[in-house]
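Only one structure is covered here, and it is reproduced in the block below.
Just so you know, all these numbers are worked out from the coordinates, no wet-lab data involved. Here the structure is a predicted model, which means the values were calculated and not measured. Cβ coordinates were reconstructed from backbone atoms using ideal geometry, including for glycine residues, and neighbour counts include every protein chain displayed.
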Amino acid sequence: MEQRISFFNKGQNAMKVLFGFGSYLRRSDLDPQLLHLIEYRVSQINGCAFCLDMHSKDLRAGGETEQRIYMLDAWREAPFYTLRERAALAWAEAVTKLTDKNVPDDVYQQANSQFTEQELVDLTFAVLGINCFNRINVAFRTPAGDYHPGQFATQSA
């Protein structure tokens, strides 16, 4: 598949806004590994190869196990995730998919039991941000495979 447009080159001003999400989230109380799990799961849902490559490498660099990375698509059946991670994953999926134009009450209640209101707002911004990046990468066919952990840290600092 051939890349259509390099939005990293052509959309630098717009990218500053999206990189600002990352900068904001790094100052939040959310665990960076939890954020990478969420970003990886949402990228699986959206089929974004670039982001799957990126977040799998970031997860590994942060000490995540191969087993948990491989099983993330089946997190509901896998015993490897905490209640907090499960609540975050359910929230991320519901916000990404918006099935019947709705985030179900039980998903909200589960997330609300594991996160403060501020953390839930921050988690929602993390989901919004990765959905934006996924859609840009998929639309412009950003090639995957060359990412190095922490590559964009200076751009979103």
- Message: Of all residues being assigned to a loop (DSSP other than H, G, I, E, B) and not small (G, A, S) in the range 106-145, which is surrounded by the fewest Cβ atoms within 10 Å (Cβ to Cβ)? Just the residue, please.
- Response: T116
- Message: Among the residues of the range 23-36, are any touching a Phe, Trp or Tyr at 6+ places or on another chain (Cβ under 8 Å), under 18 Å from A144 (Cβ atoms) and hydrophobic (A, V, I, L, M, F, W, C)?
- Response: no
- Message: Go through the range 35-51 and report how many residues are in a helix (DSSP H, G or I) and more than 9 Å from the chain's Cα centre (by Cα).
- Response: 5
- Item | Criterion: in contact with a Leu (Cβ under 8 Å, 6 or more places away or on another chain) and of a type outside the set (A, V, I, L, M, F, W, C) - qualifying residue of D100, D122 | D122
- Message: I'd like the full set of residues that are under 18 Å from K97 (Cα atoms) and in contact with a Cys (Cβ under 8 Å, 6 or more places away or on another chain), limited to the range 10-39.
- Response: E39
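Which of the residues that make up the range 103-144 are without any contact (Cβ under 8 Å) to a residue 60 or more places away in the chain and touching a helix residue (DSSP H, G or I) at 6+ places or on another chain (Cβ under 8 Å)?
V103, P104, V107, Y108, Q110, A111, N112, S113, Q114, F115, L120, T124
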- Out of all the residues in the range 1-54, which are surrounded by 13 or more Cβ atoms within 10 Å (Cβ to Cβ), charged (D, E, K, R) and over 21 Å from L83 (Cβ atoms)? R26, D53
- Note on the structure: Flagged in the range 100-121 as charged (D, E, K, R) and within 15 Å of L34 (Cβ to Cβ), in numbering order, are E119
- Task: Might you check whether a residue that is farther than 30 Å from R141 by Cβ, among the basic types (K, R) and assigned to a loop (DSSP other than H, G, I, E, B) occurs anywhere in the range 57-78?
- Result: yes
- Query: Which residues, counting only those in the range 15-31, are without any contact (Cβ under 8 Å) to a residue 40 or more places away in the chain and outside any helix (DSSP H, G or I)?
  - Reply: R27, D31
- Query: Looking at this structure, is R60 basic (K, R) and under 19 Å from L123 (Cα atoms)?
  - Reply: no
- Note on the structure: D53 fails exactly one of (1) in contact (Cβ under 8 Å) with a residue 40 or more places away in the chain; (2) within 23 Å of Y24 (Cβ to Cβ); (3) among the acidic types (D, E), namely (2)
- List the pairs whose first member sits in the range 32-48 and is under 17 Å from G63 (Cα atoms), whose second member is outside any helix (DSSP H, G or I) and aliphatic (A, V, I, L, M), and whose Cβ atoms are under 9 Å apart, counting only residues at least 6 apart or on separate chains? I38/L30
